[in-house]
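Engineer: My questions will all concern the structure given below.
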Amino acid sequence: MSETLYSIRMRASLRGEHVSGAERIVPEADVARVTAELTERARAHGRGVPDSITVTVDSLAGRPIQRLDALPVTGLLFGSVSEARERAVSELVRAGVSEPAARDAMSAVTSVGPNMRGAMVLDARTGARLDDSGPKGVRARTVDYDEAAHTVVDAALSERGLSGSRIKEALALATKVAHAPGAVAELCISDNPGYVTGYAASRENGYVRLTPLKDADSASGGRVFFVDGAGLDTEAYLNYLRETPVLVGGPLVFVSGDM
Ligand code: AMP
């Protein structure tokens, strides 16, 4: 019988505002160590030391695990925020998002205001919001790399000077989000000041990393999940994002570009 896996989720807030979150799926023997690691990480986040950290551990016993190959990665560097944003919009359009919907989403995630903890789910054609989670947004969760991929992905990132967990976790999340039923594309800009890289991702075009999508002193950011709204089973879509356990496998494929 295969070993039971556990989902570990961390979320941290400061004065009621979201600071950071993270996800892991690990065997029982690693639960204590990874719980401690995520708690420490929450305390080191650039948006401030949180006054509340919640770590949730759930057994995944009896739940089928979906295995997915990591999306291929392309890296693009630009001379200005506006050029990088234009390219992000065209990547979204290439994946099937209408241009007005892509532009509206870009304005929404880059506007100043309280950041969401999760993502907005938008119709890729009309730009209409389809989830009813309000200012909290929808969080994709229950995703991690399989054990072998952790090693391979860490080595591949370190070879390119990309050690650290940001791209690693974002790529696992984007891989799951891109395979959701009805998914079209995703846009992400970090809300961490100083982290100016973001991405546009889709099953067809992979994970396109873009720098700089915002100014270094900006704490604005967010995520948008674009879906094919016609005939979407919203409940099945949201259930997949939240509940289906996904383990992402390597290798990490770099298509081209500067990271
Ligand atoms: P981050 O890359 O962690 O700075 O996150 C950027 C934005 O993406 C956050 O402000 C949230 O709105 C959103 N976000 C972060 N984690 C998730 C998640 N697991 N699912 C959906 N949206 C998320």
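Throughout, read-outs are computed from the coordinates displayed, never taken from laboratory work. Nothing here was measured: the structure is a model prediction, and the numbers come from that model. Don't worry about glycine lacking a Cβ; one is built from the backbone with ideal geometry, like all the others, and counts go over all protein chains shown.
Engineer: Quick one: length gained pulling residue 54 to residue 152 fully straight, 0.36 nm per residue minus the C-alpha distance? Write out the running numbers ahead of the final one.
Structural biologist: Values: separation 98, 0.36 × 98 = 35.28 nm, distance 2.96 nm.
Between residue 54 and residue 152, full extension yields 32.3 nm more.
Engineer: Extension gain residue 230-residue 242, at 0.36 nm per residue separation less the Cα-Cα distance, in nm?
Structural biologist: 2.2 nm
Engineer: Hey, got the dipole for the chain? About the Cα centre, +1 on K and R Cβ, -1 on D and E Cβ, debye to the nearest 20?
Structural biologist: Working: 29 positive and 34 negative charges, 78 e Å.
Here the size comes out at about 380 debye.
Engineer: Something else: Quick one: check the C-alpha center-to-center distance for the stretch 112-168 versus the stretch 61-78, whole angstrom.
Structural biologist: 10 Å
Engineer: Taking the highest mean first, how do the peptides 11-17, 155-161 order by number of other beta carbon atoms within 10 angstrom per residue? Please report the intermediate quantities before stating the final value.
Structural biologist: Numbers: 11-17: 15.4, 155-161: 13.9.
Result, highest mean first: 11-17, 155-161.
Engineer: Calculate the radius of gyration of the Cα atoms of the stretch 139-259 to one decimal place, then report Dmax, the largest Cα-Cα distance, as a whole number, both in Å.
Structural biologist: 14.7, 43
Engineer: Follow-up. Which order do the peptides 25-33, 226-234 come out in when sorted by mean C-beta neighbours inside 10 angstrom, highest first? If you can, show how the numbers build up before the last one.
Structural biologist: On the way: 25-33: 14.4, 226-234: 16.1.
Per-residue mean Cβ counts within 10 Å order the peptides as 226-234, 25-33.
Engineer: Can I ask one more? In degrees, nearest 10, range 0 to 90: what is the angle between the Cα axis of helix 31-43 and the longest Cα principal axis of the chain?
Structural biologist: 40 degrees
Engineer: Under 20 °C and 1.002 mPa s, how fast does the stretch 68-129 diffuse according to Stokes-Einstein, given a Kirkwood radius computed over C-alpha pairs? Answer in µm²/s, whole number.
Structural biologist: Working: Rh = 13.2 Å.
Using the Kirkwood radius from Cα pairs, D works out to 163 µm²/s.
Engineer: Can you tell me the Rg and Dmax of the chain, counting just the alpha carbons, in angstroms?
Structural biologist: Reported Rg and Dmax, both Å: 17.3, 54.
Engineer: A further question follows. Kindly express, to the nearest 10 degrees and within the range 0 to 90, the angle between helix 234-243's C-alpha long axis and the longest C-alpha principal axis of the chain.
Structural biologist: 50 degrees
Engineer: Quick check on the stretch 78-194: what does the Kirkwood estimate of hydrodynamic radius come out to from the alpha carbon pairs, in Å? Before the final figure, lay out the partial values.
Structural biologist: Details: mean 1/r = 0.0630 Å⁻¹.
For the stretch 78-194, the Kirkwood estimate is 15.9 Å.
Engineer: Can you run the Rg to Rh ratio on the stretch 1-121? Use alpha carbon positions and the Kirkwood inverse-distance Rh. Numbers along the way, then the final one.
Structural biologist: Values: Rg = 18.7 Å, Rh = 17.8 Å.
Answer for the stretch 1-121: 1.05.
Engineer: Which percent of the Cα-Cα distances in the stretch 176-231 go past 17 Å?
Structural biologist: Values: 628 of 1540 pairs.
Tail of the P(r) past 17 Å holds 41 percent of the pairs.
Engineer: Report the charge-dipole magnitude of the stretch 113-259 in Debye, nearest 20, computed about the Cα centre from +1 at each Lys and Arg Cβ and -1 at each Asp and Glu Cβ. Could the numbers behind the result be given before it?
Structural biologist: Details: 15 positive and 19 negative charges, 46 e Å.
Roughly 220 debye, rounded to the nearest 20.
Engineer: Could you tell me which of 210, 196, 182 has its Cα farthest along the dipole of the stretch 109-218 towards the positive end, charges placed at Cβ (Lys, Arg +1; Asp, Glu -1), taken about the Cα centre?
Structural biologist: 182
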